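The values are calculated or read from the model by the stated rules, or taken from the named source; none is laboratory data. Just so you know, these numbers come straight off a predicted model, no measurement behind them. Note: ideal-geometry Cβ built from the backbone for every residue, glycine included; neighbour counts use all protein chains shown. SASA here: full protein model, heavy atoms, side chains in, ligands and nucleic acids out. Shrake-Rupley method; radii C 1.70, N 1.55, O 1.52, S 1.80 Å.
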Amino acid sequence: MAAAAAAGPVFWRRLLGLLPGRPGLAALLGRLSDRLGRSRDRRRRSPWLLLAPLLSPAVPQATSPPCCLCPEGVHRFQWIRSLVPEFGVCSSHVRVLSSPAEFFQLMKGQIKVAKRRVVMASLYLGTGPLEQELVDCLESTLEESLQAKFPSDLKVSILLDFTRGSRGKKNSRTMLLPLLQRFPEQVRVSLFHTPDLRGLLRLLVPERFNETIGLQHIKVYLFDNSVILSGANLSDSYFTNRQDRYVFLQDCAEIADFFTELVDAVGDVSLQLQGDNTVQVVDGMVHPYKGDRAAYCKAANKRVMDVIHSARTRQQMLHAQTFHGDSLLTQEEAAAAGDRRPAPDTWIYPLIQMKPFEIQIDEIVTETLLTEAERGARVYLTTGYFNLTQAYMDLVLGTRAEYQILLASPEVNGFFGAKGVAGAIPAAYVHIERQFYSEVCSLGQQERVQLQEYWRRGWTFHAKGLWLYLAGSSLPCLTLIGSPNFGYRSVHRDLEAQIAIVTESRSLQQQLHQEQEQLYLRSGVVSSATFEQPSRQVKLWVKMVTPLIKNFF
């Protein structure tokens, strides 16, 4: 019986692959999945979980053979390049950072040596002394560019969220105004305002809660041709004692160009901060909350997708057939052709999620990765806020790989000890965690799906991402790293970006493995006894309101 159950998803996926009109069928099954999800509390779910791979989005149609026909190692992930640009790099250009202090020092150092561009996208910029250090570094670098013997073309572009960046009397905007006023030709500050916060809703929702409607959540820090991808914001705790993840891509010009263009695109559909602390719309652009919502979202979709499509076209021309070893040039042949770069052993895929603009690339790739994870594979998934979408939960519970999910214990949740309603958010996460754990137990999946809670005295936890270990491998060949939290907000409300790193370099795989181990070493395994602890007791009113508000935090 167990063997038949395990074979079910494989059989149905292969059957789907043989049927014509697969995208239409997938859409039909997707609607069926939504109906099943809505009725899940009224019936037992376990029979439907065997169909989870079938009910999730089908593997995207790729221009190259799908993963089931190309099973060898990292090459099975080449289907991602049918959706986004593929950047082939040498693993020696990729460095995994481990601590907030290392992240902060690297950013300051990179700002000081930047000659051409500094691009920073974040939720917000804090107002403390460490954040002021960053602003001072930018000011010094801009000043040096003006005093250089030869005129400098250094440009600084900063993208933040409007609602979060405007909160309070002293805020992100007031921190950056001196730069705008002193270097008006070199500095651009863009403030994204979600098109969903408009009209009466914008007037009624209090300042502290208006960000729940939607945010600019991308975290990209770029200096000339080097890029840091992270989930960390520009705030003092993220520089000192708030654990996150960070990867440094050094001297990767094509990747830096892509993220510069992406931030420029989002910046163009955002409000522009002026030297007098007012904001203006870019000429010819629809206003995000005063103009027609459909027209604004259509324009924003085109602006962002143009960046993705043009980069994908460029990369197809530059790196045609890089996945198959027999098509790679030898180093001697590459040098003779004028290209002295070694053949890549690592591939970077930018995954963008902007549901308000109908861009769902990250969601498609993440669901497909979870769907295709075979028996014997191990998936390490971590999130600072455990609130997985229904689709992600169904895939975790209904597919075959082993899962270890790392989440924040209540004491290291960023909302722990907050005043007012926000102080109850850690308890709401505990309630969601307990419901999921109960479902794991009811399905008898405790051996395959394990929850772990991160705890570190004096620290908070904000790390998010995924590591994939193929069956029989002791090292990961793929990781997802960036801003998404795998929750409803990340998928449906906010602007998100992360990268998939696929590597056949043993050295880089060891870096990623060590990163995963260091995070999980500070955790404890969740069991039934966990929820008997006094700190895990959830008040009745929190249990009652959690289903109503879980899609907003």
Once amide H atoms are placed 1.01 Å from N in the peptide plane, what residues at a sequence separation of 5 or more from Asp494, or on another chain, have their amide H within under 5 Å of its amide H?
Leu215
Find how many whole Å separate the alpha carbon centroid of the range 472-493 from the alpha carbon centroid of the range 80-154.
23
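Enumerate by residue number the chymotrypsin sites (Phe, Trp or Tyr not before Pro) in the range 92-167 meeting two conditions: DSSP loop (anything except H, G, I, E, B), and at most 12 other Cβ atoms within 10 Å of the site's Cβ.
Values: sites: Phe103, Phe104, Tyr124, Phe162; in loops: Tyr124.
Answer by residue number: there is no such site.
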Among Ser235, Ser92, Ser310, what's the order by accessible area (1.4 angstrom probe), most exposed first?
Ser92, Ser310, Ser235
I'd like the antiparallel share, as a percent to the nearest 5, of DSSP beta bridges with both residues in the range 91-306.
65
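Suppose accessible area is computed on protein heavy atoms with a 1.4 Å probe; arrange Leu83, Leu200, Leu395 from highest to lowest.
Leu200, Leu83, Leu395
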Probe of 1.4 angstrom, ligands and nucleic acids ignored: what's the accessible area per residue over the range 91-306, in square angstrom?
40
Sorted list, accessible surface of protein heavy atoms, 1.4 Å probe, largest first, for Leu521, Leu271 is Leu521, Leu271
Cβ-placed point charges (K, R +1; D, E -1), dipole of the range 91-306 about Cα centre in debye, nearest 20
520
Using a cut-off of 23 Å between alpha-carbon atoms, which lysines can reach Lys112, once sequence neighbours fewer than 8 places away in the same chain are excluded?
Lys149, Lys155, Lys219
Only sites in a loop by DSSP and with at most 14 other Cβ atoms within 10 Å count here; which trypsin sites (Lys or Arg not before Pro) in the range 474-553 make the cut?
Lys539
Please check which bits of the range 168-182 a label hung off Gln274 would reach, taking the label as a point 7 Å along Cα-to-C-beta and the cut-off as backbone N under 14 Å.
181
Once phi for every residue in the range 364-379 is put through the Karplus expression 6.51 cos²θ - 1.76 cosθ + 1.60 (θ = phi - 60°), the whole-Hz ³J(HN,Hα) values, with Gly and Pro written as x, are 4, 5, 4, 5, 5, 4, 5, 5, 8, 5, 7, 4, x, 6, 10, 10
At a probe radius of 1.4 Å, what is the per-residue accessible area of Met544, in Å² to the nearest 10?
130
Quick one: grab Rg to one decimal and Dmax as a whole number for the range 91-306, Cα atoms only, in Å.
17.1, 54
Expressed as a whole number of Å, what is the distance separating the alpha-carbon centroids of the range 250-288 and the range 359-413?
32
In terms of the Cα gyration tensor, with a ≥ b ≥ c the square roots of its eigenvalues, is the range 162-259 rounded because a/c is under 1.5, prolate because a/b exceeds b/c, or oblate?
prolate
Sorted by chain and number, the residues with a modelled amide H under 5 Å from that of Lys219, at a separation of 5 or more or across chains, are Ser230, Ser483, Ala497
Per-residue SASA entry for Tyr437, accessible area with 1.4 Å probe, Å² rounded to 10
40
